[in-house]
Amino acid sequence: RVLSGTFVAAYRGRIVNIHPADTRAHQGLGGYAFAFERHLDETTITVHLVDEGLDTGAILAQRAVDLRGVTSLHDVEERGLAVEHALYPEALRAFLNGLSTRS
């Protein structure tokens, strides 16, 4: 869901999003499909702050997802979600402690 500029301004620096791609390479929906359709060997899960743009906020954490050998979009999603579920709480803990977690 895209948040209004007014809402984002009211909570600047306090809204965190997770994105199933490197936000410098792909913004918006369909991050896993983007990786699968391009036959990428690796994609990136990105946890970032929300700003007025679409997936343009400051990156808090990123982690690579190995896609070698995947045969379906479902495989990509399964591997990506496993990384998302591990990275998001780590990134939130680091953010709340004033750190970042890039790996």
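Readers should treat all values here as calculations from the given coordinates under stated rules, not as data from a laboratory. Not measured: the values here are computed from a predicted model. Backbone-built Cβ (ideal geometry, glycine too); neighbour counts: all protein chains shown.
Here are the numbers:
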| quantity | calculated |
| --- | --- |
| Environment charge at Gly30 (Cβ cut-off 12 Å; Lys +1, Arg +1, Asp -1, Glu -1) | -2 |
| For the chain, built as a Gaussian network whose Cα springs stay under 10 Å, the top-fluctuating residue of Ala58, Ala21, Ala91 | Ala58 |
| Crossing angle, helix 73-96 versus the chain [Cα axis fit, 0-90 degrees, rounded to tens] | 30 degrees |
| Over the chain, relative contact order from alpha-carbon pairs under 8 Å, at least 6 apart, % | 26 percent |
| Ratio of the Cα radius of gyration of the range 44-103 to 2.2 N^0.38 Å, where N counts its residues | 1.23 |
| Estimated 222 nm signal from helices in the chain, with DSSP H stretches of n ≥ 4 weighted -39500 (n - 2.57), rounded to 500 | -11000 deg cm²/dmol |
| Derived scalar couplings ³J(HN,Hα) [the range 17-22; Karplus, 6.51 cos²θ - 1.76 cosθ + 1.60; whole Hz; x for Gly, Pro] | 10, 10, 10, x, 6, 6 |
| Table column - 3J(HN,Hα) (Hz), the range 37-44, Karplus curve with 6.51, -1.76, 1.60, x for Gly and Pro | 5, 9, 6, 5, 7, 8, 10, 10 |
| Normalised per residue, the volume of the convex hull around the Cα set of the chain (Å³) | 86 Å³ |
| Most fluctuating residue given options Thr23, Thr46, Thr56, as computed from a GNM of the chain linking Cα atoms under 10 Å | Thr56 |
